[in-house]
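The values are calculated or read from the model by the stated rules, or taken from the named source; none is laboratory data. This is a predicted model, so every value here is computed, not measured. All Cβ positions, even for glycine, are placed from backbone atoms using ideal geometry, and neighbour counts span all protein chains on display.
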Amino acid sequence: MSSPDATLWNLMRGALVTRALAVVADLRIAEALAGGPRPVAELAAGADPESLHRFLRALASDGVFAEVSPGVFANTAASELLRREGWDDFAHLLGGAWHRAAGELDASGAASFPRIYGTDFWAWLGENPGERAAFDHAMEQGKERRLDRLDSAGWRGDETVVDVGGGNGSLLVGLLDRRPSLRGVVFDLPETVRDEAALGERISFVPGDFFVEVPPGDVHVLCTILHDWDDGRAAAILRTIRAAAGDDGRLVILDGVIPAGNEPHGAKWLDLLMLALFAGRERDEAQWRALLAAGGFEPVRIEDGLIEARCR
């Protein structure tokens, strides 16, 4: 166990770690090291080699990259993650726009992002296509784990599944790969960056606003959507879905459930990011039950990462 001062220091330096990861992700250092160790001078690619060395040395001290000889770095298992599954885009966002918003977060209960950028996060994404693409790709991180949870939801086999706020459709493509008899609809804002040809014949993309209307279907899926919104707006999304679902309609939510007590849990920190960006929140079981009831649904299963409900 760390000493109290070491625990506090490791937490306080977190902002520097986050920014350093964004810098090396944007420079694509992990990709440049895919073939093996290389000296910093070859990796700099327009960056100042001495400064880059300092970034890599600091990260290597925490197991991200390794300095195998003076000034020569190699990937580690941790830095290899920056080459796949959206981890590089997550690092870019967490150490870029989100980093700035976190730096201005206070205990007022108001989101800091709109105050800094002059608009809400979703409008900002619409104005910045590169950031929108990074966000959609970042949301693929952990896709296999989410697919495993989604796969366990119990499928009749002939349903139409509507992925509400489904981004580029990668989650639904993965589900239909596992369940070939399903059909799907990806529903999201029209500016969502996507490859519609990659969706295949059994999936369509429908643009729209989930506060106004969503497509009908047998099962509506919300993957890390509701934590972006406060309770009032989240309940409004659920009511829109309830209006589109039949009486036998099902709702599947892939989102965290905050546990009680002091045990470490990622959602406890993600909750603060949601506050900074949107004044949204992570929720515990009681809060999920209240939210579902406000949206016209009755829970049938609540566990961390997977919530199932039916129409009331």
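Observations on the model:
- Screening GLY169, GLY165, GLY157, GLY118 for residues that are at positive phi, in the same structural domain as ALA244 (by TED's automatic domain parsing) and loosely packed, with under 13 Cβ neighbours inside 10 Å leaves exactly one candidate, GLY157.
- Among the residues of the range 188-231, those identified as among the aliphatic types (A, V, I, L, M), surrounded by 14 or more Cβ atoms within 10 Å (Cβ to Cβ) and part of a helix (DSSP H, G or I) are LEU199, LEU226.
- Residue match in the range 73-87 (condition: among the basic types (Lys, Arg), assigned to a loop (DSSP other than H, G, I, E, B) and either in contact with a strand residue (DSSP E or B) (Cβ under 9 Å, 6 or more places away or on another chain) or at pLDDT below 95 (or both)): yes
- Scope the range 176-195; condition in contact with a strand residue (DSSP E or B) (Cβ under 7 Å, 6 or more places away or on another chain) and either without any contact (Cβ under 8 Å) to a residue 12 or more places away in the chain or more than 22 Å from VAL212 (Cβ to Cβ) (or both); matching residues: LEU176, LEU182, ARG183
- Count - residues of the range 229-247 that are touching a helix residue (DSSP H, G or I) at 6+ places or on another chain (Cβ under 7 Å), without any contact (Cβ under 8 Å) to a residue 60 or more places away in the chain and closer than 18 Å to PHE121 by Cβ: 1
- Odd one out for PRO39 among (1) of a type outside the set (Asp, Glu); (2) buried (at least 22 other Cβ atoms within 10 Å of the Cβ); (3) more than 25 Å from ALA138 (Cα to Cα): (2)
- Some residue of the range 93-114 being surrounded by 13 or more Cβ atoms within 10 Å (Cβ to Cβ) and in contact with a strand residue (DSSP E or B) (Cβ under 9 Å, 6 or more places away or on another chain): no
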